[in-house]
Amino acid sequence: MEYKHFSHRHNLNIHQVQQGQQLLCSGCESFCHGSVYACWQCNFFLHSHCGNATRYMKHPSHPSHALILIPEPTYCSGSFLCNACGQSGNTFSYCCALCEVDLHVHCAFLPPVVSHKVHLHELSLTHSALEKKGAPQFCKICSKSLESKHWTYGCTKCDFGVHTFCATTEVKPGLYQMEGPADGATPEGYPGLQQDVCEAKEDQIEVELSEEALIQLYKLQLQMQMAEQVAQVVASMNLS
């Protein structure tokens, strides 16, 4: 069985990662395990949750706009900073170009509640660090600072907060599927992978073109935002 993913030009096959085999996921840049989608010609591999990630989502951290899955950042730097964990990335991300919101795929699908051996109670995901006036907050696992602009897992009863990446490596794909298709979206939850590509070749071409058009639109929007910022700086200099 062969599959087609919008981010790669060749068909992908299922591969079972063997013990001691080190394959890097092209979607999230972490080591693969279990079953992966593979293109050996290009050394291109995708975790199941990266390969099957929905093309569009409505995420509770950014309710004002839908997020679109893009294969690479649209910023001039070629990288992005994840709004969830604060770490950089240069591969797959869920993006809102209008608001410059970017999420790693694995951050976008973090489970709402997790358990950890260091704490008795369940920890709930929040989209900002636990606030405590007059004192900085530190992760109860790694002891490093908790930034208020990044997501955390916490127990409000015990004033207990930890980084998302300290709390869990679990992902819950499909948590935030959109209720209806957006323009240019594929049906059935808008999966990134399509099966039996030879039978649906024309449909795939249409989807890939629409995706490329959206990415180009996002790049144009970012360029316009940068030009507007430059114009504001120039105007302020002239006034002074």
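The values are calculated or read from the model by the stated rules, or taken from the named source; none is laboratory data. For clarity, every value in this text was computed on a predicted model and none was experimentally measured. Please note: Cβ atoms are built from the backbone with ideal geometry, for glycine as well, and neighbour counts cover all protein chains shown. Heads up: the accessible areas ignore ligands, DNA and RNA and are worked out on the full protein's heavy atoms, side chains in. Shrake-Rupley method; radii C 1.70, N 1.55, O 1.52, S 1.80 Å.
Please verify whether Val36 is within 21 Å of His127 (Cβ to Cβ) and either of a type in the set (Ser, Thr, Tyr) or open to solvent by less than 20 Å² (accessible area, probe 1.4 Å) (or both), treating the condition exactly as stated.
Here the answer is no, as Val36 does not meet what is asked.
From the list Asn52, Asn43, Asn90, exactly one residue is more than 24 Å from Gly154 (Cβ to Cβ), surrounded by fewer than 17 Cβ atoms within 10 Å (Cβ to Cβ) and touching a Pro at 6+ places or on another chain (Cβ under 8 Å). Which is it?
Asn90
Is it true that His106 is within 23 Å of Tyr37 (Cα to Cα), touching a residue at least 40 places away in the same chain (Cβ under 8 Å) and open to solvent by 40 Å² or more (accessible area, probe 1.4 Å)?
yes
Checking Glu2 against (1) touching a Phe, Trp or Tyr at 6+ places or on another chain (Cβ under 8 Å); (2) surrounded by fewer than 22 Cβ atoms within 10 Å (Cβ to Cβ); (3) more than 30 Å from His150 (Cβ to Cβ), which single condition isn't satisfied?
Just one mismatch for Glu2, condition (1).
Name the single residue that is surrounded by the most Cβ atoms within 10 Å (Cβ to Cβ) among those in the range 75-87 being within 12 Å of the chain's Cα centre (by Cα) and either among the hydroxyl-bearing types (Ser, Thr, Tyr) or assigned to a strand (DSSP E or B) (or both).
It comes out as Phe80.
Does at least one position in the range 117-130 carry a residue that is open to solvent by less than 30 Å² (accessible area, probe 1.4 Å), aliphatic (A, V, I, L, M), closer than 20 Å to Val171 by Cβ and not in a loop (DSSP other than H, G, I, E, B)?
Yes - at least one qualifying residue is present in the range 117-130.
List pairs: first in the range 1-29 and on the phi < 0 side of the Ramachandran plot and acidic (Asp, Glu), second exposed (fewer than 13 other Cβ atoms within 10 Å of the Cβ) and outside any strand (DSSP E or B), Cβ under 9 Å, 6+ apart or cross-chain?
Correct list of pairs: Glu2/Asp196; Glu2/Cys198.
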